[in-house]
Amino acid sequence: MSLPAPKASTRIGLVALLLSVIVLSLFGSLVAADRALARADREAVDLDAHLIAVVAERELRLRAERLTELFGPLLPTPRTAPRETAVSPMLPAGFEMAWVLNGKGQTVWRHPGDISSRPDDAMLARAASQAGAAWPNVTVADSGLLLTVPLQHRGQSLGFAVGMISGRRLLEVFGDSTIDRPWMNLSSTNASIGSVGTLGRSDAHLVGNATVRLPGDRVAVEVAHAQSGRALRTTLWMLGVVALVALVGGLARERRQAVQLAARTAELERLYDEVARSNRMKSEFLANVSHELRTPLNAVVGFVEMLREGVYGELSPRQALPVDRIAASATHLRQLVDRLLDIAKIAAGRLEVNPELLVLRPFVLNVASEMESLVSERGLALSIGVGPSLPRIRTDQTHLRQILINLIGNAVKYTQSGGIQVRAKLIGNGAAPDAADGNEPNIGLPPDPLRQWIALQVIDSGVGIAEADLERIFDEFEQVNAGARTDSARRGTGLGLAISRRLARLLGGELSVASEVGRGSTFTVWLPLETKETVGG
């Protein structure tokens with residue numbers, strides 16, 4: 001009996017590789033998504049800072065123009081006399097203080113007049129001197145920005161208008177849309193000018209920076225934003241970490257299963273080798289024992305035949321019966337040994353096939369004549385239904401004879417009354433066998449319905465076989481309805497049908513059975529028919 005060799009599976013290795021790729025891909029995707037969200041937050045806050053810087057610059061320019069419009073008339077033109085009195089204008093909106101200086105840096109007008117805290121004259125003079133080269137000019141004061149605007153008439157300098165703007169007031173101008181901006185700050189290179197809002201934990205915000213591009217001091221705008229993508233990034237990382245942990249756990253589990261599978265595979269291979277070795281040893285043992293037993297059995301059978309033939313003198317009636325029993329037992333034992341030897345040869349693949357052309361009808365009649373005495377002893381009828389028009393077949397006569405003898409012998413053993421039929425019919429070319437009639441069960445389809453087959457059938461009217469046992473009877477050493485252990489003639493070895501099926505397959509055919517309990521059995525030997533062998537015998 002041959003055993004299928006265990007095959008090492010690569011499924012676990014492929015799953016582990018796939019999980020590793022998924023883990024790496026997921027981690028890379030998490031890093032890329034996090035960086036993209038952080039970059040989006042960074043770009044958003046930087047863009048907001050630049051927009052505020054543009055608004056701040058525009059606001060300062062508008063206020064510079066307002067200073068020029070309001071305070072320009074306070075200074076005389078080169079062709080007019082100084083004004084003795086002038087209507088004091090109102091303080092422009094958005095300014096904390098304002099001054100008007102003549103060309104010599106002297107204060108001509110200021111508002112409010114009773115201020116107690118203002119930039120000193122040196123700072124005003126420095127702002128005026130710097131404003132001579134550009135318009136307007138921004139100077140950082142202690143409490144805000146000094147916006148200095150040259151006052152000119154047809155290209156000639158009349159003096160300067162200086163307005164002081166609180167940094168906080170300036171930020172409040174464009175601070176109405178700062179819902180997402182918890183903090184804004186104006187600063188110069190030296191100090192902070194003003195700020196609005198509050199800044200919480202620094203790790204929860206992003207700070208953007210931009211520069212107001214005005215002559216004089218460099219004024220920077222800083223804007224703090226709550227990170228809008230922070231919650232999304234946190235959620236993303238939490239889900240990613242959970243998925244990574246699950247995948248890594250799955251990878252570890254698959255790895256553990258792979259190790260266990262490898263261990264089991266190694267154990268199965270070891271067990272397979274042991275079973276295969278035991279199977280070979282069993283086959284060799286059966287072959288050797290059967291071969292060694294045949295020699296003394298042949299001698300026993302030979303001497304018994306000589307006794308029965310009177311070579312050593314005539315046997316008395318009292319002696320004849322024991323000698324006949326010895327002959328029957330020796331013959332039965334030799335048949336058992338021959339079967340063991342056949343099954344060992346088939347398992348070892350050493351049974352040869354010698355096909356030759358065979359006319360089926362005379363061959364079946366010859367085998368039936370050999371079995372006729374056995375059938376008659378049981379009081380059974382043996383009928384042959386093999387037509388002379390059947391085509392010749394190419395097969396091994398010795399093996400086919402052994403199959404037919406085994407089937408007829410089994411039919412005799414399990415049939416108490418009635419008869420045994422041996423029939424043959426041509427089946428094939430896609431045609432199904434005849435449907436079952438009242439006396440014969442349906443034998444089913446041939447192994448290959450597209451080919452032609454000779455169906456050689458042995459039909460009995462015996463006890464039949466249950467449907468659950470129809471396949472088990474072809475296993476080695478299996479028997480159904482076996483007799484008592486002391487009744488060896490009926491009990492047998494359980495090898496006849498196993499050998500017959502193996503021989504049928506060795507001949508390129510098959511052995512099948514159809515049976516019903518209480519109505520007998522039909523064993524069918526399917527013999528392939530070559531198309532060139534279609535001439536009748």
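In the stretch 353-385, which residues are free of Cβ contacts under 8 Å to residues at least 40 places away in the same chain and under 60 Å from the mean Cα position of the chain (by Cα)?
Keep residues of the stretch 353-385 that are free of Cβ contacts under 8 Å to residues at least 40 places away in the same chain, which gives 363, 365-366, 369-370, 372-374, 376-379, 381, 383-385.
Across the stretch 353-385, the qualifying residues are 363, 385.
Residue by residue, here is whether (1) open to solvent by less than 60 Å² (accessible area, probe 1.4 Å); (2) among the β-branched types (Val, Ile, Thr); (3) in a strand (DSSP E or B); (4) modelled with pLDDT of 80 or more holds:
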site: 63; (1), (2), (3), (4): yes, no, no, yes
site: 79; (1), (2), (3), (4): no, no, no, no
site: 85; (1), (2), (3), (4): no, yes, no, no
site: 94; (1), (2), (3), (4): yes, no, no, no
site: 124; (1), (2), (3), (4): yes, no, no, no
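Considering only the stretch 65-76, state which residues are surrounded by fewer than 17 Cβ atoms within 10 Å (Cβ to Cβ), touching a strand residue (DSSP E or B) at 6+ places or on another chain (Cβ under 9 Å), assigned to a helix (DSSP H, G or I) and not hydroxyl-bearing (Ser, Thr, Tyr). Show your work before the answer.
Within the stretch 65-76, the subset surrounded by fewer than 17 Cβ atoms within 10 Å (Cβ to Cβ) is 65, 68-69, 73, 76.
Subset that is touching a strand residue (DSSP E or B) at 6+ places or on another chain (Cβ under 9 Å): 65, 68, 76.
With the extra rule that they be assigned to a helix (DSSP H, G or I), the set shrinks to 65, 68.
65 - this is the single residue of the stretch 65-76 that is surrounded by fewer than 17 Cβ atoms within 10 Å (Cβ to Cβ), touching a strand residue (DSSP E or B) at 6+ places or on another chain (Cβ under 9 Å), assigned to a helix (DSSP H, G or I) and not hydroxyl-bearing (Ser, Thr, Tyr).
Pick from 458, 517, 535: which is farther than 16 Å from residue 395 by Cα, hydrophobic (A, V, I, L, M, F, W, C) and modelled with pLDDT under 90?
On the way: 458 fails: modelled with pLDDT under 90; 535 fails: farther than 16 Å from residue 395 by Cα.
Being farther than 16 Å from residue 395 by Cα, hydrophobic (A, V, I, L, M, F, W, C) and modelled with pLDDT under 90 holds for just one of 458, 517, 535, which is 517.
Looking at the stretch 150-164, which of its residues are open to solvent by 10 Å² or more (accessible area, probe 1.4 Å) and assigned to a strand (DSSP E or B)?
150, 152, 153, 156, 157, 158, 160
Restricting to the stretch 386-408, name every residue that is surrounded by 15 or more Cβ atoms within 10 Å (Cβ to Cβ), in contact with a helix residue (DSSP H, G or I) (Cβ under 6 Å, 6 or more places away or on another chain) and not in a helix (DSSP H, G or I).
386, 390 - these are the residues of the stretch 386-408 that are surrounded by 15 or more Cβ atoms within 10 Å (Cβ to Cβ), in contact with a helix residue (DSSP H, G or I) (Cβ under 6 Å, 6 or more places away or on another chain) and not in a helix (DSSP H, G or I).
Looking at the structure I just gave you, is residue 383 out of contact with any Leu (no Cβ under 9 Å at 6 or more places or on another chain) and either within 27 Å of residue 419 (Cα to Cα) or part of a helix (DSSP H, G or I) (or both)?
In short, yes.
Say whether the condition of being in a helix (DSSP H, G or I), open to solvent by less than 80 Å² (accessible area, probe 1.4 Å), in contact with a Pro (Cβ under 8 Å, 6 or more places away or on another chain) and closer than 30 Å to residue 20 by Cα is met by at least one residue in the stretch 244-265.
yes
May I ask you to say which residue of 374, 321 is surrounded by 14 or more Cβ atoms within 10 Å (Cβ to Cβ) and either of a type in the set (A, V, I, L, M, F, W, C) or in a loop (DSSP other than H, G, I, E, B) (or both)? Reasoning before the result, please.
Working: 321 fails: surrounded by 14 or more Cβ atoms within 10 Å (Cβ to Cβ).
Matching residue, one of 374, 321: 374.
The values are calculated or read from the model by the stated rules, or taken from the named source; none is laboratory data. This is a predicted model, so every value here is computed, not measured. Virtual Cβ from ideal backbone geometry, glycine too; neighbours counted across all protein chains shown. These area figures cover heavy atoms from the full protein model, side chains too; ligands, DNA and RNA do not enter into them. Shrake-Rupley method; radii C 1.70, N 1.55, O 1.52, S 1.80 Å.
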